[in-house]
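The values are calculated or read from the model by the stated rules, or taken from the named source; none is laboratory data. Fair warning: this is a prediction, and the values are worked out from it, not measured in the lab. Quick reminder, even Gly has a Cβ in these numbers, built from the backbone with ideal geometry, and neighbours come from all protein chains shown. Side chains are part of the model used for accessible areas, which takes the heavy atoms of the whole protein and leaves out ligands, DNA and RNA. Shrake-Rupley method; radii C 1.70, N 1.55, O 1.52, S 1.80 Å.
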Amino acid sequence: MKRFLTHKLYAALAFLGFLGITSCNEYLDREPLSEVTPSNYLWNEADLAAYTIARYNFPTHGGFTVGTHGTDNHTDNQVTSGFATRWVPGEWRVPQTGGSWEFSQIRHTNYFLEIAVPRWKQNKITGAPANVSHYIGEGYFLRAYEYFNKVQWLGDFPIIKNTLPDKMEELVAMSKRRPRNEVARFIISDLDSAIQLLSTAPPGGKNRISKHAALLLKSRVALHEATWLMYHKGTAHVPGGPGWPGAGKVENFNISIDSEIDYFLTQAMQASEQVADAVPLVNNTKDNGYNSSQNPYFTMFADADMSKYSEVLLWRKYDPTQGINHNVNHYINQNGGNTGYSRGLVDNFLMKNGLPIYAAGSEYKGDDYIADVKAERDNRLQLFMKAPGELRYTDRTNLDGSLILEGKPDIVGLAETRYVTGYAVKKGFSYLWANSQGSNGSTGSIVFRAVEAYLNYIEAAYLKEKSINGKAAQYWRTIRQRAGVNPEFEVTINATNMNEEAKNDLAAYSAGNLLSDATLYNIRRERRSELVAEGLRYYDLKRWRALDQLKANPYVIEGFKVWGPMQEWYKNSDGTSKLIEAETPGKTANVSKKSSSLYLRPYQVNLTASNPVREGYKWAFAHYLEPIAVQNFIITGNAGDVGTSVIYQNPGWPTQANAGAIE
């Protein structure tokens, strides 16, 4: 039994020595190398370059989807036709095996650093010294990146810096979790090492990690931990808080929450300003979205070569001729891609004069038509949301020579191509015919862009200093000016009504309470507007603790005003409506009921008990972190006894497989 458990724990930890290496010539073009022995590998610059790029594990475009522009699905920003169990207490369950408690990427980076760093310090690695140092820096970055994933998903986590032997006692001992703030400090330490070694102009250009990318990640990590500690303070999700499961299990532990918050905010400010001061934002020509093919701000998200955009710090290149491709514009250009922006997001965008749509003098045109919704708004909404009649291609016309234009959103078609809310995603849209045909996508995929550093500084500085300092004001005005919005943010702050904002935005809350600080709220609004469809929304909502209120007040997702003039778009040839309301006797519904709301409610088309989100998004406290799979407790317990494991489960989750969160 002991030997069996040792092998099971080994599989779970995956820390042991070198088991095989993969490599590639281009990012994610990863053909495996033949088996080599450790003694013959990692002695030259090329080996280091191949090893680290094989460990690149960033979210990028892939599969038959809208790529990273669909990562915000299952939030208050963006939805798909299906639902996520995180919004259904009791349906998200503890797994028997699998989950985020695994260490394969960490083991790979530990092996690299354990072997390469001593050789590098002894000048035994051949190649250009600057490049060798750079690739060592990539190793530190990649370990930090993977540990940051663990902190986001699991909170407290073991800190492992070396590969481990196949010895049961040592493996169990190293499974002990450390408080999340200590893990975050370890991540920042690794990133500091990376920053010292990485180049601002790396070999391989912006397809490889750079010093600015490391600084941006450092600011992200620090802001995440600062705000997590700040908003989750006094709960079991913070080390030392009431009910924290690490109490009595974590050795040599002490913490001053306020000091930790201040430390992380300071780190976030210092790292982010180094990026924002050095990297200018890409220019926006501020067209109205009809044809944005010559607008650098728009094409930055859909160019085959993203290296020319100052703001892009790291991106993935695709080449269909080499079999490296995606299907993003097969969906974003041709159809709705089974996604759509929520009404809450769309209504949250400001008017170009800086006023919210509900404010007196806003000049809002209403929402009877999508074109009205976009009129005179923040240019980001005009650019990155589709509307009927806009140009689709610059290199192809219809057979009669007429332009190919965007049609009316198909809200009742096949799920794969449906315009789920009527408000369609346009970020990442390419005007080239070839990109929309099958698996021929050649547009790049952004991993990091510099504007996040501007946003991180604004938020961290305000939380630390309780005011908008001169640098934060400069950054904020730069972002707003680029967005075609009145750069004087005080105009927006003075016109903000938090009771109105609470109707649209989960981030109007923290810890179940409506924000009273309109400045802080508008900092959050700026992130929402700028980073739309880039995959950071759920991350932000969790660190702000912006979901507690859903336990008592579920959030109902809405889309465009289907029961207004736009219902005339959906007619059969005989003039009858294609729209079938929920609970229509003898028919299969395809839209929600008019009596419930004039706005399309995609999760109220099916009102039967088989649809657990029909009443809206709900929440359980435990859902801020993931559950750890039961197998990990078994293999680290005494003779498989879960109750004696050195690992503790995350707050609110049981150690029973297939069980939901405990409330």
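Using the Cβ-Cβ distance between Leu405 and Ser199 with R0 = 35 Å, the FRET efficiency computed as 1/(1 + (r/R0)^6) comes to roughly 0.20. Principal-axis analysis of the Cα atoms of the chain puts helix 129-154 at an angle of about 70° to the longest axis.
Phi-derived couplings, Karplus 6.51 cos²θ - 1.76 cosθ + 1.60 at θ = phi - 60°, listed residue by residue for segment 561-574: 7, 6, 9, x, x, 5, 5, 5, 5, 10, 10, 6, 4, 8 Hz, with x used for Gly and Pro. What the Cα convex hull of the chain gives, in volume per residue, is 167 Å³. In this structure the amide hydrogen of Ser292, modeled in the peptide plane, comes within under 5 Å of no amide hydrogen from residues 5 or more places off or on another chain. Across segment 162-177, computed HN-Hα scalar couplings (Karplus, 6.51 cos²θ - 1.76 cosθ + 1.60, θ = phi - 60°) run 9, 6, 10, x, 7, 10, 4, 4, 5, 4, 5, 4, 7, 7, 5, 7 Hz from first to last residue, x flagging Gly and Pro.
Roughly how many debye, to the nearest 20, is the charge dipole of the chain about its Cα centre, given +1 on each Lys and Arg Cβ, -1 on each Asp and Glu Cβ, and no other charges? The dipole magnitude comes to about 540 debye. Rounding to the nearest 10 and keeping the result within 0 to 90°, find how far the Cα-based axis of helix 104-121 lies from the longest principal axis of the chain. Approximately 60 degrees, to the nearest ten.
Going by accessible surface with a 1.4 Å probe and the largest first, Thr636, Thr584 read Thr584, Thr636. Listed by chain and number, the lysines placed with their C-alpha closer than 19 angstrom to that of Lys317 are Lys206, Lys308, Lys427; residues fewer than eight positions away on the same chain are left out.
Within the accessible surface of segment 555-626, defined with a 1.4 Å probe on protein heavy atoms only, the carbon and sulfur portion equals 47 percent.
Toward the positive end of the charge dipole of the chain, with +1 on the Cβ of Lys and Arg and -1 on the Cβ of Asp and Glu, the farthest Cα among Tyr364, Val556, Ile404 is that of Val556.
Residues whose amide H falls under 5 Å from that of Met351, counting only those 5 or more places apart or on a different chain, are Ile357, Asp378, with hydrogens built in the peptide plane. Only lysine pairs 8 or more places apart, or on different chains, with alpha-carbon atoms under 29 angstrom apart are counted in segment 529-608, and they number 15.
Loop-located trypsin sites (Lys or Arg not before Pro) in segment 575-609 (DSSP state other than H, G, I, E, B) with a sparse environment of at most 12 neighbouring Cβ atoms within 10 Å: Lys587. Here the Karplus relation 6.51 cos²θ - 1.76 cosθ + 1.60, evaluated at θ = phi - 60°, turns the backbone of segment 343-350 into coupling constants of 4, x, 5, 4, 5, 6, 5, 6 Hz, with x for every Gly and Pro. For segment 365-474, the list of trypsin sites (Lys or Arg not before Pro) that fall in a loop by DSSP and count at most 10 other C-beta atoms within 10 angstrom reads Lys466. Within the accessible area of segment 84-213, the carbon and sulfur atoms contribute 50%, probe 1.4 Å, all protein chains present.
Here is how the number arises for the chain: DSSP H runs of 4 or more residues each give -39500 (n - 2.57), the sum is divided by the residue count, and the result at 222 nm is -10000 deg cm²/dmol.
Positive end of the charge dipole of the chain (Lys, Arg +1 and Asp, Glu -1 on Cβ, about the Cα centre): tell me which of Ser645, Gly470, Gly63 has its Cα farthest that way. Highest projection toward the positive end goes to Ser645. Summarising the label geometry, the points placed 7 Å from Cα in the beta-carbon direction at Gln474 and Leu414 lie 5.3 nm from one another. Put a dot 7 Å past the Cα of Thr608, heading toward its Cβ, do the same for Asp517, and the two dots end up 4.8 nm apart.
Electrostatic bookkeeping for Phe489 treats Lys and Arg as +1 and Asp and Glu as -1; over the other residues with beta carbon under 9 Å from its beta carbon, the sum is -1. Measuring r between the beta carbons of Gln567 and Asp372 and using R0 = 22 Å, the FRET efficiency lands at 0.90. Annotation for Thr394 and Ser100: the two label points, set 7 Å from Cα along the Cα-Cβ direction, are 4.0 nm apart. The residue among Ala589, Leu625, Asn606 whose Cα reaches farthest toward the positive pole of the charge dipole of segment 582-628, with charges on the beta-carbon of Lys, Arg, Asp and Glu, is Ala589.
Taking a straight Cα-Cα cut-off under 23 Å and skipping sequence neighbours fewer than 8 places away in the same chain, the lysines within cross-link reach of Lys124 are Lys161. Taking amide H as placed 1.01 Å from N in the peptide plane, Ile324 has its amide H under 5 Å from the amide H of Asp319, each at least 5 places away in sequence or on another chain.
For Asp166 and Ile255, a Förster radius of 45 Å and the Cβ-Cβ distance give a FRET efficiency of 0.85, rounded to the nearest 0.05.
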